[in-house]
Amino acid sequence: MIFSEIPVDDAEGAILAHTTRSDGWTLKKGHRLTAEDCRLLSAAGITVLRAAKLEDGDVREDAAAKEIADGASGDSVTPTAAHTGRCNLVATIDGVIRIDADTVNRINAIDESITIATLPDYARVNAGQTIATIKIIPFAVGERILAAVMQALNEGDSPVSIEPFQALSVVLINSILPTLKDSVVTKTTALTKRRLGALGGTVNHVLTCQHDESEIAD
């Protein structure tokens, strides 16, 4: 990829380095210039602009981000569409994220043009939540760099996956002190049910006894 000052007359197919505006139109950074774009620029009196031209073996940022995201997505993870060199990974279920940190670190060490960021291993996540992101820093990366990343991904399991919560059935035992208000016990029981429900579990029975060894043992 070559960055340079390019005459507008020779800029078709180049990638715009800076957002450019004129009356009634805007060409955003990263936009690949068309013949019509070049005519607009010329009509606005712009003769030279800074842009990038891809070389043989360069892979556009969105295509590279999507390929890496597809390879990094494990069980219950789906990639979004790539945009401006970024592709997010999204959880499709509630559960616990599992991250293969060795693979992620190995990929991040391949080249500064590519980075993967994730939530920490064992973090609780919800369906629809963004749990990781792949970002291509420049407008394109070399095929050899992308191939090295894909090789690292193919050498093991997908580094980002979700383990679903297991639906546990629970008995709740409340041991009561003489000074404890009934309202506190009621509130604690309701809160425990909500917390378990959020993890796919249920409280199928509630027992109450005095805070005493023999009663708790019984």
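The values are calculated or read from the model by the stated rules, or taken from the named source; none is laboratory data. Fair warning: this is a prediction, and the values are worked out from it, not measured in the lab. All Cβ positions, glycine included, derive from the backbone under ideal geometry; neighbour counts span all protein chains shown. With ligands, DNA and RNA removed, areas are computed over all heavy atoms of the protein, side chains included. Shrake-Rupley method; radii C 1.70, N 1.55, O 1.52, S 1.80 Å.
Data table
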{"item": "Region 140-182, subset touching a strand residue (DSSP E or B) at 6+ places or on another chain (Cβ under 7 Å) and of a type in the set (Asp, Glu), residue farthest from Asp75 (Cα to Cα)", "result": "Glu143"}
{"item": "In region 191-201, the residues that are open to solvent by less than 80 Å² (accessible area, probe 1.4 Å) and either at pLDDT 90 or above or in contact with a helix residue (DSSP H, G or I) (Cβ under 8 Å, 6 or more places away or on another chain) (or both)", "result": "Leu191, Thr192, Leu196, Gly197, Gly201"}
{"item": "Residue match in region 118-130 (condition: surrounded by 15 or more Cβ atoms within 10 Å (Cβ to Cβ), free of Cβ contacts under 8 Å to residues at least 24 places away in the same chain and not acidic (Asp, Glu))", "result": "yes"}
{"item": "Residues that are of a type outside the set (A, V, I, L, M), part of a loop (DSSP other than H, G, I, E, B) and either under 19 Å from Ala152 (Cβ atoms) or open to solvent by 60 Å² or more (accessible area, probe 1.4 Å) (or both), drawn from region 58-84", "result": "Gly74, Asp75, Thr84"}
{"item": "Test: residue in region 144-157 that is closer than 21 Å to Met1 by Cα, touching a Lys or Arg at 6+ places or on another chain (Cβ under 7 Å) and open to solvent by 40 Å² or more (accessible area, probe 1.4 Å)", "result": "no"}
{"item": "Checking Leu177 against (1) at pLDDT 95 or above; (2) out of contact with any Leu (no Cβ under 9 Å at 6 or more places or on another chain); (3) not charged (D, E, K, R), the condition it does not meet", "result": "(1)"}
{"item": "Ala51 open to solvent by less than 20 Å² (accessible area, probe 1.4 Å) and outside any helix (DSSP H, G or I)", "result": "yes"}
{"item": "When residues of region 161-190 are limited to those that are within 30 Å of Ile99 (Cα to Cα) and not hydroxyl-bearing (Ser, Thr, Tyr), the one least open to solvent (accessible area, probe 1.4 Å)", "result": "Ile162"}
{"item": "Cross-chain or 6+ apart pairs with Cβ under 6 Å, region 1-17 first and surrounded by 13 or more Cβ atoms within 10 Å (Cβ to Cβ), then of a type in the set (D, E, K, R) and in a strand (DSSP E or B)", "result": "Met1/Asp58; Ala14/Lys53; Ile15/Arg32; Ala17/Arg50"}
{"item": "Residue within region 159-171 that is hydrophobic (A, V, I, L, M, F, W, C) and closer than 22 Å to Ala64 by Cβ present", "result": "yes"}
{"item": "Region 85-94, subset open to solvent by 30 Å² or more (accessible area, probe 1.4 Å) and of a type in the set (Val, Ile, Thr), residue nearest to Thr130 (Cα to Cα)", "result": "Thr92"}
{"item": "Any hit, region 36-48, residues being open to solvent by 60 Å² or more (accessible area, probe 1.4 Å), free of Cβ contacts under 8 Å to residues at least 12 places away in the same chain and under 23 Å from Pro159 (Cα atoms)", "result": "no"}
{"item": "Single condition Ile93 does not satisfy, out of (1) under 24 Å from Glu163 (Cα atoms); (2) out of contact with any Lys or Arg (no Cβ under 8 Å at 6 or more places or on another chain); (3) not in a loop (DSSP other than H, G, I, E, B)", "result": "(3)"}
{"item": "Residue among Gly30, Gly45 that is on the phi > 0 side of the Ramachandran plot, at pLDDT below 95 and either touching an Asp or Glu at 6+ places or on another chain (Cβ under 8 Å) or assigned to a helix (DSSP H, G or I) (or both)", "result": "Gly30"}
